[in-house]
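Let me begin by presenting the structure, written as structure tokens, before commenting on it.
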């Protein structure tokens, strides 16, 4: 069904201002005027206060913690989420990441493209045997106490790493790392730092650095200290490389000698054991044989002592059997009238 277009209602500005001004009339009367200028001023002030209150809302990320200060005094900490606190200049909210792992480079600076720039003033240090070593290190850390981190240590910051003024992980952390590393390296030989005890150097530096930062009350926890590059200075690097190559050759020769020793010693022990066992077997054989012969002799002696003539005759016949093997032998017995009697082969008769 067709409807005629409705005429646009005219907006009465005076009525609109009157409806807005009506709730504020008591306030306008108190300040001594009910005019539009006073009303506009009150509205502007109200909007300004509302905007100021709105700036008190802040968001804390899951990895962050927020420290709240009221008139400069620390009040409390807030966990992650959306919160409101008095905006400046009454209140102040400082947010810091307390779970992210950060790092600081000593002796070098990483640049784009995976390259790095050496900082000799930080990396060159004297070892315990009065040599000079170029030591580059990376320290990984995180915040473990937000209050200490924000309020215990003042620091000029580190613009190169984006560390603001007042954060102890700026120049304070850098100086503490350099002091701890120089103390540990200064107590060890160049060989310990270059090759032998790198892990021990890292562990001792981490322990000492933690002790220094804890004494400052910095609120920083050192997670790891990693030696990136440990080398002699460029001026004497060739000489050190020659020494390292000589030590590698020495170790190779020692390993070859140990391998030869491990190959020959078992063989020699086996041969010695074989000879010993053969000698022991020969010994036991000779002992048993001698024991048997002695026993046989004693048994013959016993028989001889009991019947000397018969035993003598038997021994004689056995000797003849042994001297003339394989020949049929006869005995001429005078008492038998000269008849021939064959020698009885006892062993054959037994078979």
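The values are calculated or read from the model by the stated rules, or taken from the named source; none is laboratory data. Small disclaimer: the values here were computed from a predicted structure and weren't measured. As a convention, Cβ positions derive from the backbone with ideal geometry for all residues, glycine included, and neighbour counts pool all protein chains shown.
For this structure, a couple of remarks:
- Just one residue in the set 205, 195, 276 is in contact (Cβ under 8 Å) with a residue 60 or more places away in the chain and part of a helix (DSSP H, G or I); that residue is 205.
- Residues satisfying the stated conditions in region 75-101, i.e. without any contact (Cβ under 8 Å) to a residue 40 or more places away in the chain and either touching a helix residue (DSSP H, G or I) at 6+ places or on another chain (Cβ under 8 Å) or surrounded by 14 or more Cβ atoms within 10 Å (Cβ to Cβ) (or both): 75, 78, 83, 85, 86, 87, 91, 92, 93, 95
- Flag for residue 184 being modelled with pLDDT of 90 or more, crowded, with 16+ Cβ neighbours inside 10 Å, within 21 Å of the chain's Cα centre (by Cα) and farther than 30 Å from residue 76 by Cα: yes
- Residues that are surrounded by fewer than 23 Cβ atoms within 10 Å (Cβ to Cβ) and within 26 Å of residue 232 (Cβ to Cβ) within region 172-181 comprise 174, 175, 178, 179, listed in sequence order.
- Remark: residue 159 falls outside the filter, which requires a residue to be modelled with pLDDT under 85 and surrounded by fewer than 20 Cβ atoms within 10 Å (Cβ to Cβ).
- Hey, residue 250 in contact (Cβ under 8 Å) with a residue 60 or more places away in the chain and either over 32 Å from the mean Cα position of the chain (by Cα) or surrounded by 10 or more Cβ atoms within 10 Å (Cβ to Cβ) (or both) or not: no
- Meets criteria (under 27 Å from the mean Cα position of the chain (by Cα), surrounded by 18 or more Cβ atoms within 10 Å (Cβ to Cβ), assigned to a loop (DSSP other than H, G, I, E, B) and on the phi < 0 side of the Ramachandran plot) for residue 169: yes
- As a summary of the residue check, residue 235 satisfies the conditions (1) within 22 Å of the chain's Cα centre (by Cα); (2) under 17 Å from residue 120 (Cβ atoms) except for the one numbered (1).
- Region 162-181: number of residues that are more than 22 Å from residue 117 (Cα to Cα), out of contact with any helix residue (DSSP H, G or I) (no Cβ under 9 Å at 6 or more places or on another chain) and modelled with pLDDT of 90 or more: 0
- Among the residues of this structure, residue 221 counts as one that is over 26 Å from residue 117 (Cβ atoms), in contact with a strand residue (DSSP E or B) (Cβ under 7 Å, 6 or more places away or on another chain) and either at pLDDT 90 or above or not assigned by TED's automatic domain parsing to the domain that holds residue 135 (or both).
- The one condition from (1) over 26 Å from residue 230 (Cβ atoms); (2) touching a helix residue (DSSP H, G or I) at 6+ places or on another chain (Cβ under 8 Å); (3) assigned to a helix (DSSP H, G or I) that residue 155 does not meet is (3).
- Selection status of residue 311, surrounded by 11 or more Cβ atoms within 10 Å (Cβ to Cβ) and free of Cβ contacts under 8 Å to residues at least 12 places away in the same chain: yes
- Residue in region 108-130 that is part of a strand (DSSP E or B), crowded, with 16+ Cβ neighbours inside 10 Å and touching a residue at least 40 places away in the same chain (Cβ under 8 Å) present: yes
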